[in-house]
């Protein structure tokens, strides 16, 4: 029972964190600011003084290839774009055709085949990645931290889901459709304040979540030990009854 309660607390904490990120990234830090309807209705209302711009005018598409000497990257929903060697889950390892993979620089954004589920991924490393992916480079690099959070928030994921083509495992984001979508652009100083607030808030919540995860893991191990002790006779169940 206690383990179930802790798992529920962990789920609620994560939901609250995601809701707070979505709220702040699209509405800012001032609850009394005058609002306006966003041109992209899926993002709801945004502060009236924020600019709006079509996504295609905020990025250039990187199509550069022929860098076989670079490390192979993978786009992950939890860790961003990282080297395959750092990713713990199973991935399909590329062992030939390196020249055909797309070049990615630190600070780029990668639209992968799973972006419609978890958002557009930020590249923390330089390397090469699947040619099926779309690589975006911010035209104004100072906005990158804001984009990094915007592209992972739930309202923007809903926007991505309106730009999907294909079915099931073949689904992909149609960048021509996505490029026509408007995104909010707060003033630069406000962007910095938003990013600082969210990162500080996430650090605190993530610390609490880590404690809960450790407790859940301990409870799982304790449960398994009890079961094993009962099966092996180290605990006499009949005498306990």
**OP:** Go through (1) modelled with pLDDT under 90; (2) under 18 Å from the mean Cα position of the chain (by Cα); (3) under 25 Å from residue 74 (Cβ atoms) one by one and return the number of the condition residue 112 breaks.
**Re:** (1)
Original post:
Does residue 86 satisfy the condition of being at pLDDT 95 or above and either surrounded by 12 or more Cβ atoms within 10 Å (Cβ to Cβ) or not assigned by TED's automatic domain parsing to the domain that holds residue 19 (or both)?
Top reply: no
**OP:** All but one of (1) surrounded by fewer than 13 Cβ atoms within 10 Å (Cβ to Cβ); (2) within 17 Å of the chain's Cα centre (by Cα) hold for residue 132, so report the exception by its number.
**Re:** (2)
**OP:** Select from the stretch 63-82 the residues that are surrounded by 16 or more Cβ atoms within 10 Å (Cβ to Cβ) and either in contact with a helix residue (DSSP H, G or I) (Cβ under 6 Å, 6 or more places away or on another chain) or within 16 Å of residue 178 (Cα to Cα) (or both) and list them in ascending order.
**Re:** 72, 74
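Would a scan of the stretch 163-171 turn up a residue that is closer than 27 Å to residue 78 by Cα, surrounded by 13 or more Cβ atoms within 10 Å (Cβ to Cβ), in contact with a helix residue (DSSP H, G or I) (Cβ under 8 Å, 6 or more places away or on another chain) and at pLDDT below 75?
We begin by selecting, within the stretch 163-171, every residue closer than 27 Å to residue 78 by Cα; these are 163-171.
Imposing the further condition that a residue be surrounded by 13 or more Cβ atoms within 10 Å (Cβ to Cβ) reduces the set to 163-164, 171.
Now restrict to residues that are in contact with a helix residue (DSSP H, G or I) (Cβ under 8 Å, 6 or more places away or on another chain): 163-164, 171.
Cutting the leftovers down to at pLDDT below 75 gives us 171.
Checking the stretch 163-171: at least one residue is closer than 27 Å to residue 78 by Cα, surrounded by 13 or more Cβ atoms within 10 Å (Cβ to Cβ), in contact with a helix residue (DSSP H, G or I) (Cβ under 8 Å, 6 or more places away or on another chain) and at pLDDT below 75.
From 7, 99, which residue is farther than 23 Å from residue 197 by Cα, outside any loop (DSSP other than H, G, I, E, B) and not assigned by TED's automatic domain parsing to the domain that holds residue 198?
Values: 7 fails: not assigned by TED's automatic domain parsing to the domain that holds residue 198.
Of the residues listed, the single one that is farther than 23 Å from residue 197 by Cα, outside any loop (DSSP other than H, G, I, E, B) and not assigned by TED's automatic domain parsing to the domain that holds residue 198 is 99.
Would a scan of the stretch 136-144 turn up a residue that is surrounded by fewer than 22 Cβ atoms within 10 Å (Cβ to Cβ), out of contact with any helix residue (DSSP H, G or I) (no Cβ under 7 Å at 6 or more places or on another chain) and modelled with pLDDT of 95 or more? Walk me through it before giving the result.
Quick first cut of the stretch 136-144, residues surrounded by fewer than 22 Cβ atoms within 10 Å (Cβ to Cβ) only: 137-144.
Next, only the ones that are out of contact with any helix residue (DSSP H, G or I) (no Cβ under 7 Å at 6 or more places or on another chain) stay: 137, 139-141, 144.
Next, only the ones that are modelled with pLDDT of 95 or more stay: 137.
Yes, the conditions are met somewhere in the stretch 136-144.
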Original post:
Only one of 194, 183 is touching a residue at least 24 places away in the same chain (Cβ under 8 Å), buried (at least 19 other Cβ atoms within 10 Å of the Cβ) and part of a helix (DSSP H, G or I); which?
Top reply: 194
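The values are calculated or read from the model by the stated rules, or taken from the named source; none is laboratory data. Every value quoted in this text rests on a predicted model; they were computed, and no experiment measured them. FYI the Cβ positions are ideal-geometry reconstructions off the backbone, even for glycines, and counts take in every protein chain you see.
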